[in-house]
Structures are given as structure tokens and as C-alpha cells.
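A.B. asks: Before we start, here is the structure in question, set down as C-alpha cells.
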């Protein structure tokens, strides 16, 4: 840690006015030193020389798990404090590596207190959220296992199709990449949806993302 007296914090928040207001309030707290600020999308993969990186996910249309994981990977020892919409987003942020969290109605003062707590300890969560967090983490793990089981049943070619769906490929792009006809590519996509038990490409992509690398690793083992 940079200093036992002052915690260095970076603020990632999408609306400029909200971000600057948060940074201003935090900078007035003698326990903290604001070392930088940026939008979440621009700052998630930037290395921050901070003890704590506050990431405001409230109302933001991003993958909480991936976003927090990007911050953790880029900022090394810095601990991520996530501001979240609900229990589901809280669980996803924790899975991504967040070590502390606050709800959508948290005040700047509460954020400052949580940042100081997180800068001085291993984690900072509201005790009232812990039971709900555990429930969400268990539910997430079960859903992850189910998704991995479904994906592991696919053939090698169907798994290639899933990977291309994850990349946003259309049927003609799948056909070109796999050197097959568009009709065959369409049939492969339909087979993938049927075998996964989903009704659309979006559902298939969501299921594959839920499983992460677990299904791919399970297939190799």
C-alpha cells in the first residue's frame, strides 16, 4: 500500500459529471488521494497506480464480470470496489474479482468509507449483503455447471460454430470460415441451438459466456 494514512484511489464512472463529482468529493476526504479518473470503458484496461479502483457499474450495459476482470488484470495489486445495481450484478462483479461492493443508493461518503476500508483490509462488503451474495454465487455456479455440461455434449464442429457465434459471425461468415455451404452452416447453427436447448443465437451466446472456459477445458479432459 502506498501510505497507511492516505489510500490512493482511481474512479471509473461513465457519466462525466457524475465521475467528476465523485472524484471531487473523494479528494476532499483526508484519508484518500484521487490518482485518476476515466470512463469505465476507457479505463478498465488501463493500469492504475492505486490501492483501490472504484468501478461504477450502475446502469451500465457491460458485462460486470469481464469488466472487473479487466481492471484486476490491468491494475495488479489494486483492489476493485464495485458500485452495482442488484444482487446479480454484485455476484458477477465478485466472480470477476471485486473485493468490495456498494449498492446503487450509496452516498459519496459511503464510497469513501468503503474505499478506506478496502484499502486497509482484504475485503469490504456490507454484512447485510453477504447472505444474498452467497445465494447468488451458488446459483451462478450451478448455472455455470449446467451450461458447461450442455456445451461439452457438442461435436468438435458444433463447438467451432459456437465460437463463431460468440464472435458475432453470420451464417455466410461461418460458411466461409469453415469452408462449407451457407445451407450447411445454417443447419449447424440450428443443430447447436437444438442440442443446447435454446431458441436463439443470443441465448446460445449467453449460455456459452456463462460457462466461460469450463466447457472447453472439460472437453479436453
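A.B. asks: Quickly run through region 141-158 and pick out the residues that are part of a helix (DSSP H, G or I) and touching a helix residue (DSSP H, G or I) at 6+ places or on another chain (Cβ under 7 Å).
C.D. replies: Hits for region 141-158 are 143, 144, 147, 148, 150, 151, 152, 157, 158.
A.B. asks: Still on this structure, I have one more. Would you check if residue 25 is surrounded by fewer than 20 Cβ atoms within 10 Å (Cβ to Cβ), more than 12 Å from residue 108 (Cβ to Cβ) and in the same structural domain as residue 106 (by TED's automatic domain parsing)?
C.D. replies: no
Conditions (1) touching a residue at least 12 places away in the same chain (Cβ under 8 Å); (2) buried (at least 24 other Cβ atoms within 10 Å of the Cβ); (3) on the phi < 0 side of the Ramachandran plot; (4) more than 8 Å from the chain's Cα centre (by Cα), marked per residue:
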position: 64; (1), (2), (3), (4): yes, no, yes, no
position: 74; (1), (2), (3), (4): yes, no, yes, yes
position: 90; (1), (2), (3), (4): yes, yes, yes, yes
position: 94; (1), (2), (3), (4): yes, yes, yes, yes
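A.B. asks: Could you figure out which of (1) modelled with pLDDT of 90 or more; (2) in the same structural domain as residue 70 (by TED's automatic domain parsing) isn't true of residue 106?
C.D. replies: (1)
The values are calculated or read from the model by the stated rules, or taken from the named source; none is laboratory data. Predicted model only: the values in this text are computed from it and were never measured. Every residue, glycine as well, gets a Cβ built from its backbone with ideal geometry; the counts of neighbours run over all protein chains shown.
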